[in-house]
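Enquirer: Quick one: structure below, then a few questions.
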Amino acid sequence: MAIHVLYFASVKEKVGLGEEHVSPPASVATVSDLMDWLAARSPKYASAFANRATIKSAVDQTHVPLSTALGEAREVAFFPPVTGG
Amino acid sequence: MAIHVLYFASVKEKVGLGEEHVSPPASVATVSDLMDWLAARSPKYASAFANRATIKSAVDQTHVPLSTALGEAREVAFFPPVTGG
Amino acid sequence: MTTVRVQAGPLDPGAELNAFLKDTPHAGGIAVFVGQMRDFKGADRGTGERVSAMTLEHYPGMAERELGVLVEEAKQRWRLDNVCVIHRTGELLPSDPIVFVAAASAHRADALEACTFLIDWLKTKAPFWKKETTTQGPHWVDAARADDIRAARWEKPAN
Amino acid sequence: MTTVRVQAGPLDPGAELNAFLKDTPHAGGIAVFVGQMRDFKGADRGTGERVSAMTLEHYPGMAERELGVLVEEAKQRWRLDNVCVIHRTGELLPSDPIVFVAAASAHRADALEACTFLIDWLKTKAPFWKKETTTQGPHWVDAARADDIRAARWEKPAN
């Protein structure tokens, strides 16, 4: 499973990059699982995802709760609460 | 007592003029009295004030109920409900 | 800051908005309402007779005064940095802007509510009268009961 | 009719308003909201640190998509002839317009409510993030609890 992962705002700054393609194992079934899997990669990722309550996600450009199954997701984004307008 | 009386919109059209100066007798104590006194002047005035429920008034450029005492009023206006905006 | 203007000449909402923003550089939120002349009579475009022209009569002196009273009331109720109300008079054609209301605040809720309040009260309190021309000829527009109901929402309970 | 635009260049609210009016000649009521960059941090100008600049980051693709979703939701809820949402990105200075929202309807209540709804939901749903520069340096703006509360007023009860 190849997924295009995007990071925005403070999450992007902590991870140190804006996007990447990842291929997590089949055991990574939900957005939350993907976050755990990414967080285990390095201290930078761990720091970006340290406070889960503040992280929002979108799958294929639609807001979703972290419990959402990845299914056929092609694009998953992680970001802090939005502050536009 | 000299009063500047103004008429607007349909009231003006029925009376046939936009403003005039009148000197009603002392018995004309309220806006309502003034309306009665004017209505008695001619059929045109009577027609303008025939349906009192639809007539609004202002004394010295402030909306008032018809029961308002004229007191020292210098300018009294009669008009239908407003329809601006 | 406040602006109240009654004018016989054309109203340019875009120019008024930019002038208002320029005068209010520190406000975070600006709410605006523009009323345009409609080309049909009544509430429903599907059934309303076509309207080809309009004359807006007003009570000179009181119109400006009453708009000023409405603006002061809005400034008492909400935290506003700037308020502007401009109303047309005279001859209008369909699509012509009739009224421009703007309210600026640090907080968008104040700007949005004040703008709604101003147009609601203006509709039932400011001394302007519309005369429309349809194929049946010219006639004075009747006040709308819906406007009274909306305006009443903003009345404060009497003490 | 709808317009959704995310743009890096300057936003001219007056020009956008006049273009919107030109596209909507038959609407009786047009409600507009303009958000400007504030020059202080937080909710209170008296106590907030000075802000000298701002960077607006967005999620390209999803930002336009999400604004489109909001506009469609508004058109489902109210009778609207036209809706426009334009949002800035990139580098901004104090007083620069950030967002322009316009809603047009035959009925002013629809235009005013839809405009309020759109800015309330945009604030909590559209993927934009503000980074402010103060004397302490740049920092990401925290989401405001007050925005969540206002946005929640428009949630429909779940069935």
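The values are calculated or read from the model by the stated rules, or taken from the named source; none is laboratory data. The structure displayed is predicted, hence computed values, not measured ones. Counting neighbours? That spans all protein chains shown, and the Cβs are built from the backbone with ideal geometry, glycine included.
Enquirer: Kindly provide the set of residues from region C:36-52 that are of a type in the set (S, T, N, Q), outside any loop (DSSP other than H, G, I, E, B) and more than 10 Å from chain D (Cβ to nearest Cβ), ordered by number. Can you show your working first?
Expert: From region C:36-52, those of a type in the set (S, T, N, Q) are C:36, C:47, C:52; that's our starting set.
Narrowing further to those that are outside any loop (DSSP other than H, G, I, E, B): C:36, C:52.
The answer is C:Ser52, and nothing else.
Enquirer: Where in region D:64-159 are the strands (runs of 3 or more DSSP E), entirely inside, with at least 2 residues that are touching a residue at least 40 places away in the same chain (Cβ under 8 Å), in contact with a Cys (Cβ under 6 Å, 6 or more places away or on another chain) and not aromatic (Phe, Trp, Tyr)?
Expert: Qualifying strands (runs of 3 or more DSSP E): D:97-105.
Enquirer: Suppose we filter D:Ala114, D:Ala106 for residues that are crowded, with 19+ Cβ neighbours inside 10 Å, of a type outside the set (Asp, Glu) and more than 17 Å from the chain's Cα centre (by Cα); which single one remains? Quick ask: steps written out before the conclusion?
Expert: Numbers: D:Ala114 fails: more than 17 Å from the chain's Cα centre (by Cα).
Sole residue among the options that is crowded, with 19+ Cβ neighbours inside 10 Å, of a type outside the set (Asp, Glu) and more than 17 Å from the chain's Cα centre (by Cα): D:Ala106.
Enquirer: Continuing with this model, one more query. Given D:Ser95, D:Ser105, which one is at pLDDT 95 or above and more than 10 Å from every other protein chain (Cβ to nearest Cβ)? Quick ask: steps written out before the conclusion?
Expert: Details: D:Ser95 fails: more than 10 Å from every other protein chain (Cβ to nearest Cβ).
Exactly one residue qualifies, and that residue is D:Ser105.
Enquirer: Looking at region D:66-85, which of its residues are more than 21 Å from C:Val101 (Cα to Cα) and either at pLDDT below 95 or within 17 Å of the chain's Cα centre (by Cα) (or both)?
Expert: Listed by number, the residues that qualify are D:Glu66, D:Leu67, D:Gly68, D:Val69, D:Leu70, D:Val71, D:Glu72, D:Glu73, D:Ala74, D:Lys75.
Enquirer: Of the residues that make up region D:27-35, is at least one surrounded by fewer than 16 Cβ atoms within 10 Å (Cβ to Cβ) and of a type in the set (Val, Ile, Thr)?
Expert: No; the residues of region D:27-35 include none that is surrounded by fewer than 16 Cβ atoms within 10 Å (Cβ to Cβ) and of a type in the set (Val, Ile, Thr).
Enquirer: OK, next. When you go through (1) touching an Asp or Glu at 6+ places or on another chain (Cβ under 7 Å); (2) surrounded by fewer than 18 Cβ atoms within 10 Å (Cβ to Cβ) one by one for C:Asn82, which number turns out not to apply?
Expert: All conditions are met except number (2).
Enquirer: Turning to a different aspect of this structure: Residues in region B:44-63: is at least one over 24 Å from C:His139 (Cα atoms) and hydroxyl-bearing (Ser, Thr, Tyr)?
Expert: yes
Enquirer: Something else: May I ask you to verify whether A:Val5 is more than 30 Å from D:Cys115 (Cβ to Cβ), β-branched (Val, Ile, Thr), touching a strand residue (DSSP E or B) at 6+ places or on another chain (Cβ under 8 Å) and surrounded by 17 or more Cβ atoms within 10 Å (Cβ to Cβ)?
Expert: Working: more than 30 Å from D:Cys115 (Cβ to Cβ): yes; β-branched (Val, Ile, Thr): yes; touching a strand residue (DSSP E or B) at 6+ places or on another chain (Cβ under 8 Å): yes; surrounded by 17 or more Cβ atoms within 10 Å (Cβ to Cβ): yes.
The answer is yes for A:Val5.
Enquirer: Which is surrounded by 14 or more Cβ atoms within 10 Å (Cβ to Cβ), over 30 Å from C:Ile119 (Cβ atoms) and more than 12 Å from the chain's Cα centre (by Cα), of B:Ser10, B:Ser23, B:Ser47, B:Ser32?
Expert: Step by step, each of B:Ser10, B:Ser23, B:Ser47, B:Ser32 is checked, and only B:Ser47 is surrounded by 14 or more Cβ atoms within 10 Å (Cβ to Cβ), over 30 Å from C:Ile119 (Cβ atoms) and more than 12 Å from the chain's Cα centre (by Cα).
Enquirer: Taking region B:74-85 as the search range and keeping residues that are among the aliphatic types (A, V, I, L, M) and within 14 Å of B:Val5 (Cα to Cα), which one is farthest from the other protein chains (Cβ to nearest Cβ)?
Expert: B:Val76
Enquirer: Go through C:Ala27, C:Ala31, C:Ala15, C:Ala19 for me and flag whichever is touching a Cys at 6+ places or on another chain (Cβ under 6 Å) and within 13 Å of chain D (Cβ to nearest Cβ).
Expert: C:Ala31
Enquirer: Can you tell me which residue in region D:121-154 is farthest from D:Leu67 (Cα to Cα), limited to those that are facing chain A (nearest Cβ under 9 Å) and of a type in the set (Asp, Glu)?
Expert: Among those residues, the one meeting the criterion is D:Asp142.
Enquirer: Output the number of residues of region C:61-88 satisfying the condition of being over 11 Å from C:Arg5 (Cα atoms) and more than 9 Å from chain B (Cβ to nearest Cβ).
Expert: 14
Enquirer: Return yes when D:Glu57 is touching a helix residue (DSSP H, G or I) at 6+ places or on another chain (Cβ under 9 Å), within 14 Å of chain C (Cβ to nearest Cβ), of a type in the set (D, E, K, R) and not in a loop (DSSP other than H, G, I, E, B) and no when it is not.
Expert: no
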